[in-house]
Amino acid sequence: MSLARRARPDDAEELVRLRTVMLGTLAFPASDTGWQTTAAETLRRRLGDLGGDLAAFVVERPEGLAACAVGTIEHRLGGPGNPTGTTGYVFSVATDPDRRRRGHSRACVEALLDWFRERGVRRVDLRASEEGEPLYASLGFVRTPDPAMRLTL
């Protein structure tokens, strides 16, 4: 059984390393590392704010972290099915390749879902890779009908 703990600011570099592992499975160019310094700075700052709207949960290994799940709370206007307008968003779920199939990601995501519940969030979204979808489905996530669109400015 894997035990997840809440990430601390000093976990920032390892969280960025694991995010790089995850992005590599999604065919993002490994040579594009310009984002990593800024991401680590953002994580150090935001993980230090225990009352903030971002949290990460990790499973340790002797030489660093084995897995992580990061999430944020988004504040929107309320509506049918979500009167408060708060929505959790799960991203950056990653496990080192040599540590997969041990329940590490599950432990991290479950801890993150508990954090959302404690904060009063009742709707949680994510985007799943084909490999990750069975985990999320087993936790109760279902596909939604709304298509995602994006504009890069």
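We did not get these values from a lab; they are worked out from the coordinates using the rules stated. A quick note: this is a predicted structure, and the numbers were derived from the prediction, not measured. Methodologically, a virtual Cβ is constructed for each residue, glycine included, from the backbone with ideal geometry; neighbour enumeration extends over all protein chains shown.
For region 22-77 and region 95-135, compute the distance between their C-alpha centroids and round to whole Å. Spelled out, the Cα-based centre of one part sits 13 Å from the other. Using 0.36 nm per residue and subtracting the Cα-Cα separation, the extra length available between Gln36 and Phe91 on full extension is 18.2 nm.
Dipole magnitude for the chain: about 320 debye, using +1 per Lys or Arg Cβ and -1 per Asp or Glu Cβ, origin at the Cα centre. Taking every DSSP beta bridge that has both ends in the chain, the antiparallel portion is near 85%.
Could you tell me whether the chain comes out rounded, prolate or oblate from its Cα gyration tensor? Rule is a ≥ b ≥ c as square roots of the eigenvalues, rounded for a/c under 1.5, then prolate if a/b exceeds b/c, otherwise oblate.
Verdict is rounded for the chain.
Under a 5 Å amide H cut-off, with hydrogens placed 1.01 Å from N, Asn82 pairs with nothing among residues at least 5 apart or on other chains.
As a calculated quantity, the FRET efficiency between Ser129 and Arg61 at R0 = 22 Å, using C-beta atoms, amounts to about 0.50.
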